[in-house]
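S.K.: Quick one: the structure is below, questions incoming.
The values are calculated or read from the model by the stated rules, or taken from the named source; none is laboratory data. Source: prediction; values computed, not measured. Using ideal geometry, Cβ is built from the backbone for each residue, glycine included, and neighbour counts are taken over all protein chains shown. Only protein heavy atoms, including side chains, enter the accessible area calculation; ligands, DNA and RNA are left aside. Shrake-Rupley method; radii C 1.70, N 1.55, O 1.52, S 1.80 Å.
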Amino acid sequence: MSRVGKSPINIPAGVDVKVDNGLVTVKGKLGELTQQVSEQIEVVIDGNVITLNRLDEEKQTIASHGLYRSLINNMVIGVSAGFEKKLELVGVGYRASNQGQLLDLALGYSHNIVIEVPKEIGLTTVSDKGKNPVVILNSFDKQLVGMVAAKIRSLRKPEPYKGKGVRYAGEYVRRKAGKTAK
């Protein structure tokens, strides 16, 4: 039994949810998201509460019950409050700047890396003296924010000896001891 799939989703004020032939559309002050739901999952809207019910007890249906509940819940939270990811650049000479949706990163390579961030994502960079540069991504689409953050992090993952690289804010990097002299 899926504990996640059974729990109801509360719809906050200002969010409009519609279901049409398995297509769930969520519209709020920050944007609009859609998600196709399997035919074996029934989406019921009762007032300001959404519940998901299984129409059969097959293994695939049971597995996707909690998945669709989480996806719809993330859509509701996203269009009402939004999501934010912070990336920290740790290393000497690592810099980040942006001009609109273009993110310019200096990560210790022979050249700067320029990434074009999708227009649905808000992009800001913070470079305070004495602190590591921070890239802040925020949007109403949780999947898109996570995907772009993972792409930026993959350009220079944190290494275990000095801890240099791009990491999520608050991420713990397990450190290794280096070589020891005899």
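A quick yes/no check of all residues on (1) over 26 Å from residue 36 (Cα atoms); (2) of a type in the set (Lys, Arg); (3) over 20 Å from the mean Cα position of the chain (by Cα):
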{"site": "51", "(1), (2), (3)": "no, no, yes"}
{"site": "58", "(1), (2), (3)": "no, no, yes"}
{"site": "63", "(1), (2), (3)": "no, no, yes"}
{"site": "73", "(1), (2), (3)": "no, no, no"}
{"site": "84", "(1), (2), (3)": "no, no, no"}
{"site": "92", "(1), (2), (3)": "yes, no, yes"}
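S.K.: Output the residues belonging to the stretch 123-134 that are open to solvent by less than 30 Å² (accessible area, probe 1.4 Å) and not hydrophobic (A, V, I, L, M, F, W, C).
M.R.: Scanning the stretch 123-134 gives a single hit, 133.
S.K.: Any idea which of 107, 137, 87 is at pLDDT 95 or above and in contact with a Phe, Trp or Tyr (Cβ under 8 Å, 6 or more places away or on another chain)?
M.R.: So the residue among 107, 137, 87 that is at pLDDT 95 or above and in contact with a Phe, Trp or Tyr (Cβ under 8 Å, 6 or more places away or on another chain) is 87.
S.K.: Only one residue in 137, 144 is under 17 Å from residue 101 (Cα atoms) and not in a helix (DSSP H, G or I), so which one is that?
M.R.: Only one candidate qualifies: 137.
S.K.: Do any strands (runs of 3 or more DSSP E) entirely within the stretch 1-110 hold 3 or more residues that are open to solvent by less than 40 Å² (accessible area, probe 1.4 Å) and touching a residue at least 60 places away in the same chain (Cβ under 8 Å), and if so, which?
M.R.: Filter on the stretch 1-110 gives 83-90.
S.K.: Inside the stretch 135-163, can you point out the residues that are surrounded by fewer than 18 Cβ atoms within 10 Å (Cβ to Cβ), of a type outside the set (A, V, I, L, M, F, W, C) and under 28 Å from residue 29 (Cα atoms)?
M.R.: If the condition is that a residue be surrounded by fewer than 18 Cβ atoms within 10 Å (Cβ to Cβ), of a type outside the set (A, V, I, L, M, F, W, C) and under 28 Å from residue 29 (Cα atoms), then 138, 143, 146, 151 are the ones that fit.
S.K.: On the basis of being touching a helix residue (DSSP H, G or I) at 6+ places or on another chain (Cβ under 7 Å), open to solvent by 60 Å² or more (accessible area, probe 1.4 Å) and not aliphatic (A, V, I, L, M), does residue 116 make the cut?
M.R.: Considered against the rule, which asks whether it is touching a helix residue (DSSP H, G or I) at 6+ places or on another chain (Cβ under 7 Å), open to solvent by 60 Å² or more (accessible area, probe 1.4 Å) and not aliphatic (A, V, I, L, M), residue 116 comes out as no.
S.K.: If only one of 54, 69 is among the basic types (Lys, Arg), touching a His at 6+ places or on another chain (Cβ under 8 Å) and modelled with pLDDT of 90 or more, which one is it?
M.R.: Answer to the selection: 54.
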